[in-house]
Amino acid sequence: MMHRQIRSVTSGIAVLAMVALAGSACSSETETSATACDELRTLEGSLTALTEVEPVQDGLTALQSSVDTVKTDLQSAATAVSDELKPSVDQVQSSFDQLESALQGVTADTLATSATEIGTALSAVGTALTDLGSQLSEKCP
């Protein structure tokens with residue numbers, strides 16, 4: 001009889017532990033993490049599109065449109081990420097700031113003369129994108 005009660009208590013503890021684990025798997029922290037991963041994947045997509053723009057061939061309008069998309073996605077990702085992923089987003093922000101500086105005052109007439117500076121900035125964005133991609137593959141399921 002005592003053995004049956006111990007088994008019953010043990011089974012009850014196991015059930016409570018499983019319920020607690022299931023509850024923590026659905027907690028807001030997990031949802032925030034999934035949201036952050038979604039935001040980072042969106043950012044990764046817009047960064048990829050940005051690095052594929054060829055300013056001289058595609059024109060300033062295409063480049064500016066892509067920059068605007070990244071800016072929006074970067075703001076969303078920056079507010080959603082955890083401290084663990086923040087350095088990757090900060091690196092993207094830094095390289096993106098460099099690109100925005102390179103684009104300041106550029107017109108269709110001056111685009112060709114600014115191409116080297118813009119290309120260097122786009123290269124830095126590409127490096128940040130690579131690092132972000134590594135973080136995504138490690139931290140996001």
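Inside region 88-124, can you point out the residues that are of a type outside the set (Val, Ile, Thr), modelled with pLDDT under 90 and in a helix (DSSP H, G or I)?
Within region 88-124, SER88, LEU111, ALA112, SER114, ALA115, GLY119, LEU122 meet the criteria.
Which pairs have Cβ atoms under 6 Å, sit 6 or more apart or on different chains, and link a residue in region 84-105 that is under 16 Å from SER137 (Cβ atoms) and touching a residue at least 40 places away in the same chain (Cβ under 8 Å) to one that is of a type outside the set (A, V, I, L, M) and in a loop (DSSP other than H, G, I, E, B)?
Qualifying pairs under 6 Å: none.
Only one of LYS139, LYS86 is more than 15 Å from GLY45 (Cβ to Cβ), surrounded by fewer than 17 Cβ atoms within 10 Å (Cβ to Cβ) and in contact with an Asp or Glu (Cβ under 8 Å, 6 or more places away or on another chain). Can you tell me which?
The conditions single out LYS139.
Could you tell me whether any residue of region 22-34 is surrounded by 15 or more Cβ atoms within 10 Å (Cβ to Cβ), in contact with a Ser or Thr (Cβ under 8 Å, 6 or more places away or on another chain), closer than 28 Å to SER134 by Cβ and modelled with pLDDT of 85 or more?
The initial filter retains those residues of region 22-34 that are surrounded by 15 or more Cβ atoms within 10 Å (Cβ to Cβ), namely 33.
Among the residues that remain, those that are also in contact with a Ser or Thr (Cβ under 8 Å, 6 or more places away or on another chain) are: 33.
This time we only want the ones that are closer than 28 Å to SER134 by Cβ, so: 33.
Applying the additional criterion that residues be modelled with pLDDT of 85 or more yields none.
The answer is no; no qualifying residue exists.
Restricting to region 125-141, what's the tally of residues that are in a helix (DSSP H, G or I) and in contact (Cβ under 8 Å) with a residue 60 or more places away in the chain?
Counting residues in region 125-141 that are in a helix (DSSP H, G or I) and in contact (Cβ under 8 Å) with a residue 60 or more places away in the chain gives 9.
Looking at this structure, is THR48 of a type in the set (S, T, N, Q) and closer than 17 Å to LEU136 by Cβ?
In short, yes.
Could you check region 57-87 and list, in sequence order, the residues that are within 15 Å of SER123 (Cα to Cα) and either at pLDDT below 90 or not in a helix (DSSP H, G or I) (or both)?
LEU63
Only one of ALA128, ALA78, ALA124 is farther than 22 Å from VAL53 by Cα, among the small types (Gly, Ala, Ser), surrounded by 13 or more Cβ atoms within 10 Å (Cβ to Cβ) and in contact with a helix residue (DSSP H, G or I) (Cβ under 8 Å, 6 or more places away or on another chain); which? First the steps, then the outcome.
On the way: ALA128 fails: farther than 22 Å from VAL53 by Cα; ALA124 fails: farther than 22 Å from VAL53 by Cα.
One residue alone meets the criteria, ALA78.
I need the full set of residues from region 55-73 which are under 13 Å from the mean Cα position of the chain (by Cα) and surrounded by 20 or more Cβ atoms within 10 Å (Cβ to Cβ), in order please.
VAL70, ASP73 - these are the residues of region 55-73 that are under 13 Å from the mean Cα position of the chain (by Cα) and surrounded by 20 or more Cβ atoms within 10 Å (Cβ to Cβ).
Output the number of the condition that ALA102 fails; it satisfies all remaining conditions of (1) buried (at least 19 other Cβ atoms within 10 Å of the Cβ); (2) under 18 Å from the mean Cα position of the chain (by Cα).
Of (1) buried (at least 19 other Cβ atoms within 10 Å of the Cβ); (2) under 18 Å from the mean Cα position of the chain (by Cα), only one is false for ALA102: (2).
Can you confirm whether region 43-54 contains a residue that is of a type outside the set (Asp, Glu) and more than 19 Å from the chain's Cα centre (by Cα)?
Within region 43-54, one or more residues are of a type outside the set (Asp, Glu) and more than 19 Å from the chain's Cα centre (by Cα).
The values are calculated or read from the model by the stated rules, or taken from the named source; none is laboratory data. Please read these numbers as outputs of a predicted model, since none were measured by experiment. So basically every Cβ, Gly included, is an ideal-geometry build from the backbone, and we count neighbours across all protein chains shown.
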